[in-house]
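J.: This is the structure I have questions about; it appears just below.
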Amino acid sequence: MSTMYGYMRVSSKDQNLDRQYRKLISYGVDAKNIYTDKQSGKDFNRPAYRKLVGRKLKKNDILIVKSIDRLGRNYADILEEWKYITKVKKADIRILDMPLLDTDQNKDLIGTLIGDIVLQLLSFVAENERINIRQRQAEGIAAAKLRGVRFGRPQLILPDNFEDILRQWQIGSLSSKEAIAASGMAYSTFYKKAKMILSTKK
């Protein structure tokens, strides 16, 4: 008796899983057997995937994924994982957007050969797209920096009277609590800025 398991993945927490979920449910996968990761597909170190393949998937079970890139985006890792599931776990894989890859169909020599060729091609395409996305991001950041866009936390602007507050704090006219309140800064920020300014005056 085989069990169908579904796997869904998106790269970030704000991305939507509805399309993948509807596809798996309409295919007949029980909702309780669907596992989800919101994580990059650069490798297979994902909690839900590891639980599914490592503990749940048994011989003759079927792993169902909407598309090859939802399984992963690293060419070599996809091929390695594919072999592990089909050869070691002796389970099958179905890619809903690419039935030609279904390992429980066409198990003759020609069918297996065609499936392996298509898998290698699609795995390469998936990894190449991941590399292109990273390159486009890097190019976008570089272009933004050239336009003067700043990344990271905005630099804190010191109040105009900060040095006066600092001087009064040093001579004891203001307590630490009073000086911090007057500066409008957080405790740690006040001491960090005070240390920086005092070190330049030495």
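J.: Could you check how many residues of region 24-55 are farther than 28 Å from Arg134 by Cα, among the basic types (Lys, Arg) and at pLDDT below 95?
T.: Number satisfying all stated conditions: 1.
J.: Of (1) part of a loop (DSSP other than H, G, I, E, B); (2) modelled with pLDDT under 75, Ile114 satisfies all except one. Which?
T.: The one condition Ile114 does not meet is (1).
J.: Next up: Here are some conditions: (1) charged (D, E, K, R); (2) farther than 21 Å from Asp116 by Cα; (3) in a loop (DSSP other than H, G, I, E, B). Lys90 meets all but one. Which one does it not meet?
T.: Among (1) charged (D, E, K, R); (2) farther than 21 Å from Asp116 by Cα; (3) in a loop (DSSP other than H, G, I, E, B), the lone unmet condition for Lys90 is (2).
J.: Looking at Ile171, Ile95, which one is modelled with pLDDT of 80 or more and touching a strand residue (DSSP E or B) at 6+ places or on another chain (Cβ under 8 Å)?
T.: From the options Ile171, Ile95, the qualifying one is Ile95.
J.: In addition: Which one is farthest from Asn60 (Cα to Cα), of the residues in region 1-23 that are touching a residue at least 60 places away in the same chain (Cβ under 8 Å) and not in a strand (DSSP E or B)?
T.: Lys23
J.: In region 54-75, which residues are assigned to a loop (DSSP other than H, G, I, E, B), without any contact (Cβ under 8 Å) to a residue 40 or more places away in the chain and among the basic types (Lys, Arg)?
T.: Lys59
J.: Which of the numbered conditions does Thr3 fail, given that it passes all the others? Conditions: (1) surrounded by fewer than 21 Cβ atoms within 10 Å (Cβ to Cβ); (2) under 13 Å from Leu96 (Cβ atoms); (3) among the hydroxyl-bearing types (Ser, Thr, Tyr).
T.: Condition (2) is where Thr3 drops out.
J.: Return yes or no: is Asp61 of a type in the set (Asp, Glu) and under 21 Å from Glu129 (Cα atoms)?
T.: Judged against the criteria, Asp61 is not a match.
J.: Taking only region 58-80 into account, find how many residues are more than 22 Å from Ser12 (Cα to Cα) and of a type in the set (D, E, K, R).
T.: Residues flagged as more than 22 Å from Ser12 (Cα to Cα) and of a type in the set (D, E, K, R) within region 58-80 amount to 4.
J.: Within region 24-44, which residues are farther than 23 Å from Ile78 by Cα and in a loop (DSSP other than H, G, I, E, B)?
T.: Gly28, Asp30
The values are calculated or read from the model by the stated rules, or taken from the named source; none is laboratory data. A quick note: this is a predicted structure, and the numbers were derived from the prediction, not measured. Heads up, the Cβs are rebuilt from the backbone with ideal geometry, glycines too, and the neighbour counts pull from every protein chain shown.
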